[in-house]
Amino acid sequence: MHFSMIDLGTLVLLIHLSGVVAAVHAVVYTRTSQGAIAWAVALVTMPYLTLVPYLFLGQSHFAGYIDARRSGNRQLRALADLPDGPADPDATGRATAALGDGATHAFDRLSGMPLLAGNRVSTLINGTQTFDAILAAIEGAKHYVLVQFFVVRDDRIGQRLKRALLGCAARGVRTYLLYDGIGSHDLSRRYIRELRAGGVVAHKFATRRFVNRFQLNFRNHRKLVVIDGERAFVGGHNVGDEYLGEKPPLSPWRDTHIDIAGPVVSSIQFVFVEDWFWATQRVPDLIRCNTVHDANMCCQAIITGPADEFETCSLFFVNAINSAQQRIWLTSPYFVPDEAVFTALKLAVMRGVDVRILIPARRDHLVVFSASTVHASEAVRAGVRMFRYQPGFLHQKVVLIDDIAAAVGSPNLDNRSFRLNFELTVLTIDRGFAAEVETMLLADFAESLPVGLDEFRRAPALKRAAMRVACLFSPIL
């Protein structure tokens with residue numbers, strides 16, 4: 001008994017020492033001061049609970065990736081045959097003037113992609129519309145199909161996708177599937193074997209180095225489909241029956257995708273090329289989209305990720321909020337903004353901008369939902385109009401700027417999207433499309449309830465304390 005107590009004491013001491021060492025590592029390597037403080041405090045005070053999560057979530061450097069990505073960027077752009085600039089300078093000049101020279105210049109710098117005219121964009125406002133359109137486009141492909149999702153499940157919609165991809169490959173269409181190794185962790189090996197056996201080239205996006213084997217950070221959160229370099233689909237839907245609203249208690253699921261045709265498709269397919277090259281060290285044989293549509297919408301692919309020189313996703317939201325003169329409406333399943341985004345929201349309110357944010361009334365992650373509740377309460381106190389969507393789970397990621405610009409994509413309003421995930425957003429500067437998005441969001445707000453100042457206050461004291469603790473971990477959620 002005496003020796004077992006000594007052993008126990010030694011174990012406790014080792015755990016606490018490991019916590020201190022990990023805390024020092026967090027302070028040195030975590031990308032933000034808020035995240036460093038959150039990890040350091042948790043590791044020193046609660047090492048029993050946080051050491052293992054830190055192993056999976058704490059590393060903020062993607063070993064070898066940043067240098068490889070930057071050094072190969074120019075070569076990949078040449079291989080992808082990207083346009084060097086706007087095909088219609090007059091149209092893009094008018095769009096730039098409408099949104100503001102400073103804002104559009106910042107978007108150019110953030111994305112590294114040009115603002116391109118001659119596009120057609122339409123909204124797909126639920127899973128049925130989205131997957132009916134995607135699967136029909138895949139079945140009509142003539143040259144190649146690029147499919148990339150964070151989550152792919154082997155369920156009914158997953159089986160429909162598999163049949164469509166196998167049909168493409170059987171017709172001689174080059175067919176590629178890229179899925180995230182963590183987001184699609186439960187995807188069966190048989191599913192991938194059947195695709196490969198049928199001629200589909202399928203790979204997962206994952207860190208390849210041994211030292212990264214435990215990492216859950218740096219996920220590829222993008223959702224995109226490209227057909228023949230002429231048409232693309234981008235948005236918030238993944239491949240799973242829940243996105244069709246078929247899995248209670250979160251159903252009906254509310255999400256948004258967009259259907260895009262025009263020159264910006266070349267920028268979108270470059271996103272796939274870059275990610276595919278990382279996963280396979282090969283580049284697919286693609287063509288540039290040269291089709292210009294009468295709609296003549298100006299679009300820009302906003303590509304963000306942890307390998308960028310700056311924190312481009314956070315800066316995208318800051319720039320969008322700062323560019324608004326009359327209104328900025330945002331929707332997100334998670335509202336855990338960093339200090340820069342929250343400050344931009346408060347300043348927009350002070351400028352007299354109509355700031356509205358739509359978030360879910362139902363939760364899919366308890367800790368994130370708890371932290372979101374605290375942040376929502378603070379936003380309401382600052383004058384932001386917060387709303388909770390009532391019919392089902394809200395998963396869409398949409399930004400509406402005044403009556404001129406709208407963005408639809410994959411990033412959430414949280415640190416994971418801001419700094420740790422690879423994301424894709426398509427910004428459209430066009431009054432007609434902005435009006436379409438406004439109509440869509442007004443219908444969503446009509447099915448929502450405002451968040452009041454008392455939402456957080458009326459919670460039981462113990463629950464409020466738990467929410468505050470969850471909020472402390474906001475920088476690492």
Please report, largest first and rounded to whole Å, the three semi-axes of the ellipsoid equivalent to segment 312-476, where each semi-axis is the square root of five times an eigenvalue of the C-alpha gyration tensor. 25, 17, 15
Summing +1 per Lys or Arg and -1 per Asp or Glu among the other residues with Cβ less than 13 Å from residue 120's Cβ gives -4
Contour excess over end-to-end distance, with Cα ends at residue 10 and residue 294 and 0.36 nm allotted per residue: 94.9 nm
How would you rank 151-157, 300-306, highest first, on the average number of other Cβ atoms within 10 Å across their residues? 300-306, 151-157
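Counting Lys +1, Arg +1, Asp -1, Glu -1, what net charge surrounds residue 436 among other residues with beta carbon under 14 Å of its beta carbon?
Here the count lands on -3.
No value in this document is a laboratory result; all are computed from the given coordinates. Remember, predicted model here, so these are calculated numbers, not experimental data. Note that we place each Cβ from the backbone using ideal geometry, even for glycine, and neighbour counts take in every protein chain shown.
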